[in-house]
């Protein structure tokens, strides 16, 4: 079935390091793709999205490019900050039986040390 | 003001009990959701409501009964709690589609 696979965490980086969190998907067609972020003690919030192949979503210095050839939507940031410490969830949008829903990956916990 | 608020934040209870989790959103959204995040961190949709009508019910045991008294509230009642119900439950809301959802901070349910 339709699913999202994220790299296993946790990921620990030093401040200003380069970040990549891998995400691949399995789906029929070309679903919209998302990255959500959950900061400590808070609910998830949308970080960025892409709706079609080759689209690049970006926000707060984070970027992800929709690659249909590799069915991937990897999250990247050139220089992470301590404030980026959070859990990151990759997701895709499904349409089933006339209803839409988001299917999330397991989440990848990122810790950035000063 | 918190946009999506859930209460309680933590819930510890015995097997067999009945409990409720409340959710309220002050964003004026028309769609609300309940998700379950299990111990392996998978976040899965349980229910969605649009304008107080049930839209999605994802093969959830009928011990779980959502109730939406109005567009701003979606409560989750769980009967006869089981050990496997231990998880973090998230409420969320959106307007006009599922893309941009606003989540509450979660309710950690522990069934002993």
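Please treat every number below as a calculation from the coordinates, not as lab data. The shown structure was predicted, so the numbers you read here are calculated from the model rather than taken from an experiment. As a convention, Cβ positions derive from the backbone with ideal geometry for all residues, glycine included, and neighbour counts pool all protein chains shown.
Values as computed for the structure displayed
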| item | result |
| --- | --- |
| Fewest-first sequence of B:100, B:45 by Cβ atoms within 10 Å of each Cβ | B:100, B:45 |
| Förster-model FRET efficiency, 30 Å R0, residue A:27 and residue B:52, C-beta, rounded to 0.05 | 0.50 |
| Nitroxide proxy distance, nm - points 7 Å out along Cα→Cβ at residue A:85 and residue B:26 | 3.0 |
| Label-point separation, residue A:96 to residue B:112 (7 Å along Cα→Cβ), nm | 3.6 |
| Gyration tensor over alpha-carbon atoms, chain B, equivalent ellipsoid semi-axes in Å | 22, 14, 13 |
| Antiparallel content of DSSP bridges confined to the protein assembly as shown, in %, to 5 | 90 |
| Zone of residue A:67's modelled label, taken as backbone nitrogen in the stretch A:1-26 under 14 Å from a point 7 Å along Cα→Cβ | A:7, A:20-25 |
| Rough spin-label spacing in nm, given labels placed 7 Å along Cα→Cβ, for residue B:65 and residue B:38 | 2.5 |
| Using alpha carbons only: equivalent-ellipsoid semi-axes of the protein assembly as shown, gyration tensor based, whole Å | 29, 20, 16 |
